[in-house]
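The values are calculated or read from the model by the stated rules, or taken from the named source; none is laboratory data. Quick caveat: nothing in here was measured; it's all calculated off a predicted structure. Positions of Cβ are generated from backbone atoms using ideal geometry, with glycine treated the same way; all protein chains shown enter the neighbour counts.
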Amino acid sequence: MDTNLDPIMSLRSDHEIVRGVLNNLSGYLKKIGGDSSDNLRKNLINQLNEITAFIDKDLEIHFKKEEEALFPVLGNYIGLETGPIHVMLIEHKHSRELSEDFKTSIKDYQTSGNYKAVVSAGNSFASLLSEHIDKEDHILFNMADMHLTATEKESIMEKMRTIK
């Protein structure tokens, strides 16, 4: 089924994009934490601003698609208060908090020069998000494919298209 028609395929496709961004982030963080010159570090940290812009816009839209479109419908089958959806919601919240910590560390670097805080905060964010995506791809989305009807998927996709 086309990713424009199947919400699970669309969300999986989003995950592939996020994985690419996380790979770039990991590479930047390794260079920042390595034997880089201050000049190179500053340039790399400036690159992180593109990643934080992606997090603020694209990742947030992805989270909202899950929270506002997929989770309420899938929750009818597997529940919202406990279980996988509940865990995903907690991880979305934690991811948003770690993203804020990461952005703060980047901003603080401008005055403190503390690149280690940037690396630590970035790695924490990337690690959580990577594990989170794995759980969704291998557990939650498989449950969705198992339970959701074609009509429900169509309705979820329509709702996802309205989220900006």
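Miscellaneous remarks
- Test result for ILE45, over 20 Å from the mean Cα position of the chain (by Cα), under 15 Å from PHE102 (Cβ atoms) and either in a helix (DSSP H, G or I) or modelled with pLDDT of 95 or more (or both): no
- All positions within the stretch 12-38 that are closer than 15 Å to SER99 by Cβ and touching a Phe, Trp or Tyr at 6+ places or on another chain (Cβ under 6 Å): VAL21
- Scanning the stretch 36-47 for residues that are loosely packed, with under 14 Cβ neighbours inside 10 Å and aliphatic (A, V, I, L, M) returns a single hit, LEU40.
- Inside the stretch 29-55, residues that are of a type outside the set (A, V, I, L, M), in contact (Cβ under 8 Å) with a residue 24 or more places away in the chain and under 30 Å from PHE141 (Cα atoms) make up a count of 2.
- Against the criterion of being modelled with pLDDT under 95 and surrounded by 14 or more Cβ atoms within 10 Å (Cβ to Cβ), GLY33 qualifies.
- Residue check for SER26: part of a helix (DSSP H, G or I) and out of contact with any Asp or Glu (no Cβ under 9 Å at 6 or more places or on another chain): yes
- The combined condition, being among the hydroxyl-bearing types (Ser, Thr, Tyr), at pLDDT 95 or above and either under 30 Å from LEU29 (Cβ atoms) or touching a helix residue (DSSP H, G or I) at 6+ places or on another chain (Cβ under 7 Å) (or both), is not fulfilled by SER112.
- On inspection, HIS147 does not qualify as within 27 Å of GLY33 (Cβ to Cβ) and out of contact with any strand residue (DSSP E or B) (no Cβ under 8 Å at 6 or more places or on another chain).
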